[in-house]
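> Take this structure first; my questions come after.
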Amino acid sequence: MSRFAELLDDFFYRPDEDVGGLQDFASGSDGASSLLPEEVPEEYLAFRLEGESYAVPIRAVREISKVPPLTEIPRAEPQLLGLMNLRGELLPAYDVKVRLGLAEKAPLVAGPEAPPPPRDARIIVLRTQTGPAGVWVDGVAGVVKLKPSMLEPPPASLRMGDRDCVVGIGRRGPSLYILLDPEQALAP
């Protein structure tokens, strides 16, 4: 047997070795705390608004749709873009950019004078307590899984109005996602 083989023989486990102490240590019977439970990631739907990445919990998303023609509602609240007909169901469509302070007023996207929507624009249909509602987004980035350790509370410097709907920041590698509470983002 070569010298190298002898060193390897000492290194690897042999069936005739007594490893009872190692097995007890590995099972946690030495009094040390057991391993931390593995973090279960939560899925979020990531989308873009004015070049920034936002996300909502996937459980709040009913579906994603191309932007259908919207019907304008006179004297509606500023963030309400109009009504959309989604397979026979009338749903309100909102622009959360106004609520987040990304725009001063919602763009004209409903009615006969409205220009066609941008190619990447989508409507995310969210489940809310008052029923389904659509949210106009600049584009959908996809589903992202974030573990609890990847989440941070919202910065203290946020304006109080934004703090209601921004519930945290998610970090995944170099990417940041602003996490929204769908109910608060659609509240008047």
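The values are calculated or read from the model by the stated rules, or taken from the named source; none is laboratory data. Since we're looking at a predicted model, the values are computed, not measured. All Cβ positions, glycine included, derive from the backbone under ideal geometry; neighbour counts span all protein chains shown.
> Within region 70-82, which residues are free of Cβ contacts under 8 Å to residues at least 60 places away in the same chain and under 24 Å from Leu179 (Cβ atoms)?
Our first condition is that a residue be free of Cβ contacts under 8 Å to residues at least 60 places away in the same chain; within region 70-82, this holds for 70-76, 78, 80-82.
Residues satisfying the conditions are Pro78, Leu80, Leu81.
> Go through region 29-47 and count every residue that is surrounded by fewer than 16 Cβ atoms within 10 Å (Cβ to Cβ) and at pLDDT 95 or above. First the steps, then the outcome.
Here is the first cut: in region 29-47, the ones surrounded by fewer than 16 Cβ atoms within 10 Å (Cβ to Cβ) are 29-41, 43.
From what's left, at pLDDT 95 or above: 43.
Count: 1.
> Restricting to region 99-125, name every residue that is within 20 Å of the chain's Cα centre (by Cα) and over 15 Å from Val67 (Cβ atoms).
Within region 99-125, Arg99, Leu100, Gly101, Leu102 qualify.
> Could you give every pair whose Cβ atoms fall below 8 Å, whose first residue belongs to region 110-123 and is closer than 15 Å to Leu83 by Cα and in contact (Cβ under 8 Å) with a residue 60 or more places away in the chain, and whose second residue is small (Gly, Ala, Ser) and surrounded by 10 or more Cβ atoms within 10 Å (Cβ to Cβ), counting only separations of at least 6 or pairs across chains?
Close Cβ pairs (under 8 Å, with a partner that is small (Gly, Ala, Ser) and surrounded by 10 or more Cβ atoms within 10 Å (Cβ to Cβ)) amount to Arg122/Ser65; Arg122/Gly139.
> Moving on. Which residues, taken from region 106-137, are of a type in the set (Val, Ile, Thr) and either touching a Pro at 6+ places or on another chain (Cβ under 7 Å) or surrounded by 17 or more Cβ atoms within 10 Å (Cβ to Cβ) (or both)?
If the condition is that a residue be of a type in the set (Val, Ile, Thr) and either touching a Pro at 6+ places or on another chain (Cβ under 7 Å) or surrounded by 17 or more Cβ atoms within 10 Å (Cβ to Cβ) (or both), then Val109, Ile123, Ile124, Val125, Thr128, Val135, Val137 are the ones that fit.
> On to the next question. For Arg3, indicate whether it is surrounded by 11 or more Cβ atoms within 10 Å (Cβ to Cβ) and modelled with pLDDT of 65 or more.
When the stated conditions are applied, Arg3 does not pass them.
> Give me the pairs, please: first residue somewhere in region 58-69 and farther than 12 Å from Asp120 by Cα, second residue anywhere and assigned to a loop (DSSP other than H, G, I, E, B), beta-carbon distance under 6 Å, and either six or more positions apart or on two chains.
Here the result reads Ala60/Arg127; Arg62/Arg127; Arg62/Pro132, each pair linking region 58-69 to a residue that is assigned to a loop (DSSP other than H, G, I, E, B).
> Is it true that some residue in region 149-164 is modelled with pLDDT of 90 or more, of a type in the set (A, V, I, L, M) and within 19 Å of Gly51 (Cβ to Cβ)?
No, because not a single residue in region 149-164 is modelled with pLDDT of 90 or more, of a type in the set (A, V, I, L, M) and within 19 Å of Gly51 (Cβ to Cβ).
> Restrict the check to region 45-55 and report whether at least one residue is touching a Pro at 6+ places or on another chain (Cβ under 6 Å) and of a type outside the set (Phe, Trp, Tyr).
no
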